[in-house]
Ligand SMILES: Cc1cc2nc3c(=O)[nH]c(=O)nc-3n(C[C@H](O)[C@H](O)[C@H](O)COP(=O)(O)OP(=O)(O)OC[C@H]3O[C@@H](n4cnc5c(N)ncnc54)[C@H](O)[C@@H]3O)c2cc1C
């Protein structure tokens, strides 16, 4: 039986481990955490991400947990429309999903063919032309025909195999929270929760997850918001960070103040926004009898402004599964690993380029830059967003 080791049980690792196992591979999943855990936040899945999950056989599970996302346009803090809401360009609208729900669906997709080893921090990687690749934690080594590095932006495997790719700050910090449905503020009937507002170096996006789960006592419905601010992440306590957020976003249009007032410090997830510059030269490292591939943030961590990181991880997983479907260890699997690189690296380069352009526009500060940004948002952005949406919509899973 063909064997694979997947390093990292984030959403990318879980998706690919399940996909390989369902295709008949014997999979070992190594996770440094003491258990498989999801963030208490949510995720927007664009049509490409939805399609990728469908190609992985997880479409039905997604339908059960996802809420369709309306296009809400973009406003300035003074309420002026920068981008009017417009109809979706794709037949499938993007959806929003609570990460814990998605995590559960991905874990359910692992089946009983995946050996899960938690508390394993991979530190070493071994590849050679003759032997199967292996990873180790300093005490034990796991060897397999295929190693998938899905160990996130700080990937140890990538650092060993593609040291040219360095992790840098994108110049902003992000705060996210899900306000559980039972604490969500009651808004006037004519006021939508959903919305994106852009100020000088600041951005606030809110999306309703609905009241799903309220009857069963689940807390996974509610309101998801993401606040992004230029600058570094804050060392202060969550209480102080929340106070800062309330100050920064004071006087922004409703319901932003209501949402921040309903947020508790323990709801906050703060993160410095980081990316890989440059991207690794390759996403695949053929060896005998197959090789090592990079997947998800390990391969292409990018700013979150287009919300494409996880979508691309699912595309990676769907592409890898298709590439290795009929491959046997040896020359054929090495060829499949190279095919994965040929398919995925150019795609990631394109999306990263669009994300960086968008991130530069969205993070403008200073009067002149802001004026240029507002003009850009009025003219370029529909085009920019259109091209981003097209790139998202254009991806089709391999046959
Ligand atoms: C503010 C923000 C908002 C975002 N919003 C969206 C969105 O709306 N839509 C979207 O598509 N994307 C979004 N993203 C991007 C998305 O969150 C990431 O791209 C995605 O989570 C990456 O998943 P991953 O599995 O590749 O990596 P990770 O989620 O980082 O998982 C890596 C896993 O590997 C484990 N690990 C790490 N090192 C080791 C080791 N040495 N040994 C063993 N295990 C290890 C970690 O513990 C972890 O479980 C957003 C990102 C941010 C910051």
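The values are calculated or read from the model by the stated rules, or taken from the named source; none is laboratory data. In this text, all values refer to a predicted model and were calculated from it rather than measured experimentally. Heads up, the Cβs are rebuilt from the backbone with ideal geometry, glycines too, and the neighbour counts pull from every protein chain shown.
Out of curiosity, is residue 58 at negative phi and touching a strand residue (DSSP E or B) at 6+ places or on another chain (Cβ under 7 Å)?
no
Looking at this structure, is residue 26 surrounded by fewer than 20 Cβ atoms within 10 Å (Cβ to Cβ), modelled with pLDDT of 95 or more, more than 14 Å from the ligand (Cβ to nearest atom) and in the same structural domain as residue 333 (by TED's automatic domain parsing)?
yes
Going by what's in this entry, would residue 173 be described as touching a residue at least 40 places away in the same chain (Cβ under 8 Å), in contact with a strand residue (DSSP E or B) (Cβ under 9 Å, 6 or more places away or on another chain) and crowded, with 19+ Cβ neighbours inside 10 Å?
Considered against the rule, which asks whether it is touching a residue at least 40 places away in the same chain (Cβ under 8 Å), in contact with a strand residue (DSSP E or B) (Cβ under 9 Å, 6 or more places away or on another chain) and crowded, with 19+ Cβ neighbours inside 10 Å, residue 173 comes out as yes.
Which count do you get for residues in region 35-52 that are farther than 14 Å from residue 314 by Cα and within 12 Å of the ligand (Cβ to nearest atom)?
Count: 7.
Any chance region 321-344 includes a residue that's touching a strand residue (DSSP E or B) at 6+ places or on another chain (Cβ under 6 Å), on the phi < 0 side of the Ramachandran plot, within 16 Å of the ligand (Cβ to nearest atom) and at pLDDT 95 or above?
Yes, region 321-344 contains at least one residue that is touching a strand residue (DSSP E or B) at 6+ places or on another chain (Cβ under 6 Å), on the phi < 0 side of the Ramachandran plot, within 16 Å of the ligand (Cβ to nearest atom) and at pLDDT 95 or above.
Every residue, every condition in (1) under 17 Å from residue 175 (Cα atoms); (2) modelled with pLDDT of 95 or more; (3) near the ligand (Cβ under 8 Å from one of its atoms), yes or no:
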{"site": "272", "(1), (2), (3)": "yes, yes, no"}
{"site": "277", "(1), (2), (3)": "no, yes, no"}
{"site": "280", "(1), (2), (3)": "no, yes, no"}
{"site": "285", "(1), (2), (3)": "no, yes, no"}
{"site": "292", "(1), (2), (3)": "no, yes, no"}
{"site": "302", "(1), (2), (3)": "yes, yes, yes"}
{"site": "305", "(1), (2), (3)": "yes, no, no"}
{"site": "310", "(1), (2), (3)": "no, yes, yes"}
{"site": "313", "(1), (2), (3)": "no, yes, yes"}
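Select from region 135-150 the residues that are within 10 Å of the ligand (Cβ to nearest atom) and assigned to a loop (DSSP other than H, G, I, E, B) and write down the one among them that is farthest from the chain's Cα centre (by Cα).
In this case the residue turns out to be 137.
In this structure, does residue 132 turn out to be assigned by TED's automatic domain parsing to the domain that holds residue 286, assigned to a loop (DSSP other than H, G, I, E, B), in contact with a strand residue (DSSP E or B) (Cβ under 8 Å, 6 or more places away or on another chain) and away from the ligand (no atom under 12 Å from the Cβ)?
It is true that residue 132 is assigned by TED's automatic domain parsing to the domain that holds residue 286, assigned to a loop (DSSP other than H, G, I, E, B), in contact with a strand residue (DSSP E or B) (Cβ under 8 Å, 6 or more places away or on another chain) and away from the ligand (no atom under 12 Å from the Cβ).
Kindly list the number of the only condition in (1) over 30 Å from residue 81 (Cβ atoms); (2) outside any helix (DSSP H, G or I); (3) not assigned by TED's automatic domain parsing to the domain that holds residue 51 that fails for residue 254.
(1)
Filter region 116-129 down to residues that are touching a residue at least 40 places away in the same chain (Cβ under 8 Å) and surrounded by fewer than 17 Cβ atoms within 10 Å (Cβ to Cβ) and give me whichever is nearest to the ligand (Cβ to nearest atom).
121
Of everything in region 2-23 that's in a strand (DSSP E or B) and within 13 Å of the ligand (Cβ to nearest atom), which residue is surrounded by the most Cβ atoms within 10 Å (Cβ to Cβ)?
Ranking the qualifying residues of region 2-23, first place goes to 6.
Determine if region 53-65 includes at least one residue that is within 13 Å of the ligand (Cβ to nearest atom), modelled with pLDDT of 95 or more and closer than 24 Å to residue 194 by Cβ.
The answer is yes, given that some residue of region 53-65 is within 13 Å of the ligand (Cβ to nearest atom), modelled with pLDDT of 95 or more and closer than 24 Å to residue 194 by Cβ.
Any residue in region 244-261 that is in contact with a helix residue (DSSP H, G or I) (Cβ under 6 Å, 6 or more places away or on another chain), in contact (Cβ under 8 Å) with a residue 24 or more places away in the chain and surrounded by fewer than 23 Cβ atoms within 10 Å (Cβ to Cβ)?
yes
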